[in-house]
Amino acid sequence: MKKQTHSFSLDDRFRSLGHEFLTPFSPTGLINPKEIKRNETVAAMLGFQKDSSIAIGSESFEDIFSGNASLLGYEPIAQQYAGHQYGNFNPFLGDGRSAIIGEIITADLSNNNYWQISIKGIGATPFAFNGDGHAGLNESVHEFDCSQRLSELNVPTALGLCVMKGEKQVYRRGLKGGSFKDSAMLTRIAPSFVRFGTFELFYFQRNVNALRILADHIIYYYYPESESHGKKKYADFFKKVVIKTAQLIAHWQSVGYVHGMMNTDNQSILGITLDFGSGAFTDDFDDDFVSASSDEYGRYAFGQQPTVGLWNCNVLARALSPIIAAEDLKQGLLCYETAYLEHYETLSS
């Protein structure tokens, strides 16, 4: 019998930041789970091949990604963050029904080989507030399909690994009232799930030390070239985030993608697409197209996305103002329009 192994190792670079940044969490697993969707390319990239100890379709794979077992003993963690929702600040946000169930280093050194693995619908975390922590099957499949299409279009995005369906029904609200839906969990991966709103949280708390620790962490692992700028490293980091954000939205506009919920708690600090629940595509590139049912005034309509992206960068600038000079923040923000237009022209040519 061939011995089963795994071609990845656990890491704790994010978890090691400590209690100010995250909270340990015990998942509520699905009952009688069944795999509905999978991305075999993502599974192979993570090291979940057929001869792995966590092979696709195996019992261990099913148990882990239905919230019924841990990934090599890693205790899941939920993030807290703040954010501007429809332009209004909310300091009480976080991973209400999501948790990072593992940080892994893969054996593949050709690309990024560090991934955070997050499951959505894993139960009510300490940041769920009045939410039940569950996810429905239809919404989970929708997010999985959105991420896959974005990936195929080469749009920077978190990636879906699988969708698991449970036996239990969950109550979901909609425009026409509530109804019971099949329960599900969506597993997603990204190099980091840190958002603009994570920095906003510490600005709101006036916790400059935590703000600096988080910025140092992100720079060290994701923007290492900013380290060479010495005392200006935070300014260079901010400038790069502005450029990445502009380029991401230019990519959305070039393929007709409507995020639908561009709150700052959904805006990635790495310039990748996060949180696809309201996402949709407008095939005719309709500027007035709105994909979120709650967006009655069209704040996040397709044609508004470039402007909202800059607005969000201004919010991030304020959050970083305790550690970056005002003039440096201004210069960083001035990069947005040029970065957007140049990238959009490149993608459209």
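The values are calculated or read from the model by the stated rules, or taken from the named source; none is laboratory data. Keep in mind that this is a model prediction, so the values were computed, not measured. Glycine gets a Cβ as well: all are built from the backbone with ideal geometry, and neighbour counts include every protein chain shown.
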The correct count of residues that are within 17 Å of GLN169 (Cβ to Cβ) and outside any strand (DSSP E or B) in the stretch 127-144 is 9
Given the conditions (1) buried (at least 20 other Cβ atoms within 10 Å of the Cβ); (2) in contact with a Lys or Arg (Cβ under 9 Å, 6 or more places away or on another chain), every one holds for GLU227 apart from (1)
Filter the stretch 113-126 for residues that are within 16 Å of the chain's Cα centre (by Cα) and part of a loop (DSSP other than H, G, I, E, B); the one that is nearest to THR23 (Cα to Cα) is ILE122
Of the listed residues (LEU186, LEU161, LEU153), the one being of a type in the set (A, V, I, L, M, F, W, C), surrounded by fewer than 18 Cβ atoms within 10 Å (Cβ to Cβ) and either at negative phi or in the same structural domain as PHE281 (by TED's automatic domain parsing) (or both) is LEU153
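Let's see how each residue does on (1) outside any strand (DSSP E or B); (2) under 19 Å from the mean Cα position of the chain (by Cα); (3) of a type in the set (A, V, I, L, M, F, W, C); (4) within 23 Å of PHE202 (Cβ to Cβ):
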{"residue": "SER60", "(1), (2), (3), (4)": "yes, no, no, no"}
{"residue": "HIS84", "(1), (2), (3), (4)": "no, yes, no, yes"}
{"residue": "PHE89", "(1), (2), (3), (4)": "no, no, yes, yes"}
{"residue": "ILE100", "(1), (2), (3), (4)": "no, yes, yes, yes"}
With the first residue restricted to the stretch 325-336 and required to be in contact (Cβ under 8 Å) with a residue 60 or more places away in the chain and not assigned by TED's automatic domain parsing to the domain that holds CYS313, and the second required to be surrounded by 12 or more Cβ atoms within 10 Å (Cβ to Cβ) and β-branched (Val, Ile, Thr), Cβ contacts under 8 Å at 6 or more apart or on different chains are none
If you go through THR282, THR264, the only one that is under 18 Å from GLU200 (Cα atoms), touching a Gly at 6+ places or on another chain (Cβ under 7 Å), hydroxyl-bearing (Ser, Thr, Tyr) and at pLDDT 95 or above is THR264
Scanning the stretch 1-47 residue by residue, those modelled with pLDDT under 90 and either in a loop (DSSP other than H, G, I, E, B) or loosely packed, with under 13 Cβ neighbours inside 10 Å (or both) turn out to be MET1, LYS2, LYS3, GLN4, THR5, HIS6, SER7, SER9, GLY47
ASN88 vs (1) closer than 29 Å to ASN263 by Cβ; (2) surrounded by fewer than 18 Cβ atoms within 10 Å (Cβ to Cβ); (3) touching a residue at least 24 places away in the same chain (Cβ under 8 Å): all pass except (3)
Answer yes or no: is there a residue in the stretch 63-79 that is over 16 Å from the mean Cα position of the chain (by Cα) and in a helix (DSSP H, G or I).
yes
